[in-house]
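Contents: one structure, followed by commentary.
The values are calculated or read from the model by the stated rules, or taken from the named source; none is laboratory data. None of these values were measured; they are calculated from a predicted model. Here the Cβ positions follow ideal geometry from the backbone for every residue, glycine too, while neighbour counts run over all protein chains shown.
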Amino acid sequence: METDITFEEQYIKKSKTYKMLLIFGMISILMIFAGLTSAYVVSKSRPDWLTDFQLPLAFLLSTLVMIGSSVTFIVALKAMKKNNRQLTMIMLVTTLVLGFIFVFLQFKGFEQVINDGYFFTGSESNVTTSFLYIVVLVHMAHLLGGFISLLVVIYNHYKQKYNASQTLGIELSGMYWHFMDFIWVYLFLFFYFFK
């Protein structure tokens, strides 16, 4: 009986350590986006600033998809805590698919911006769209970490490494995924309302 308690205590300690490390990492990522949005605010005084720029519909749709992917991740974790392995796998794969749809819609948004005659770099670019381009690409670069962790979680779940009492990998991946969702919603609202 004492061995079970020791294992449980070790698991809790390991869980707290990993979550704390992830939180520190997320704080540093948050600082990157705080710096980028602050630079965006400062750049508003430039003469080439676009005051009538509208975000493409694809960015709104991608935001809704990203929120949906957070919901499916929550359902996956709850299902795992009830040992519903099949629903967990369905929700994890759905989260992954929604993540890919999010990225696809981001590129569709870029395409719409270019079709509207706004370019991200070069002589025909302006500071407004250049910032949009940089911020979205930095977000997608960080989201790549979310994809990698999600693929690892799906693989580990397939190999039956999780159960109702051991969900640390799913929890950590979910925390990061929700964080990237929060960052994108913040960025979308920032670009939508700050003109």
Among the residues of segment 166-176, is there at least one that is aromatic (Phe, Trp, Tyr), crowded, with 19+ Cβ neighbours inside 10 Å, assigned to a helix (DSSP H, G or I) and out of contact with any Leu (no Cβ under 6 Å at 6 or more places or on another chain)? yes
Can you list residue pairs whose Cβ atoms sit under 6 Å apart, with the first residue in segment 36-62 being closer than 12 Å to Tyr118 by Cβ and the second being of a type in the set (Phe, Trp, Tyr)? Count only pairs 6 or more apart in sequence or on different chains. Leu55/Phe191; Leu55/Tyr192
Could you tell me whether Val136 is surrounded by 15 or more Cβ atoms within 10 Å (Cβ to Cβ), farther than 14 Å from Trp184 by Cβ and in contact with a helix residue (DSSP H, G or I) (Cβ under 7 Å, 6 or more places away or on another chain)? no
Is segment 107-118 home to any residue that is touching a strand residue (DSSP E or B) at 6+ places or on another chain (Cβ under 9 Å) and either part of a helix (DSSP H, G or I) or at pLDDT 95 or above (or both)? yes
Condition check for Phe104: hydrophobic (A, V, I, L, M, F, W, C), loosely packed, with under 15 Cβ neighbours inside 10 Å and out of contact with any strand residue (DSSP E or B) (no Cβ under 6 Å at 6 or more places or on another chain): yes
Could you list all residues from segment 139-165 that are in a helix (DSSP H, G or I), over 20 Å from Phe190 (Cβ atoms) and of a type in the set (A, V, I, L, M, F, W, C)? Leu144, Phe147, Ile148, Leu150, Leu151, Val152, Val153, Ile154
Filter segment 79-117 down to residues that are hydroxyl-bearing (Ser, Thr, Tyr) and farther than 19 Å from Val185 by Cβ and give me whichever is nearest to the chain's Cα centre (by Cα). Thr94
Being on the phi > 0 side of the Ramachandran plot and either touching a residue at least 60 places away in the same chain (Cβ under 8 Å) or not polar (S, T, N, Q) (or both), is that true of even one residue in segment 69-88? yes
Only listed residue being in contact with a helix residue (DSSP H, G or I) (Cβ under 7 Å, 6 or more places away or on another chain) and surrounded by fewer than 17 Cβ atoms within 10 Å (Cβ to Cβ), chosen from Thr121, Thr129, Thr88: Thr121
For segment 12-21, does any single residue satisfy the condition of being among the hydroxyl-bearing types (Ser, Thr, Tyr), surrounded by 13 or more Cβ atoms within 10 Å (Cβ to Cβ) and touching a Leu at 6+ places or on another chain (Cβ under 7 Å)? yes
When restricted to Ser69, Ser38, the only residue modelled with pLDDT of 95 or more, in a helix (DSSP H, G or I) and not aliphatic (A, V, I, L, M) is Ser69
Residues being of a type in the set (Phe, Trp, Tyr) and either free of Cβ contacts under 8 Å to residues at least 40 places away in the same chain or more than 23 Å from Ser62 (Cα to Cα) (or both) - total across segment 130-179: 4
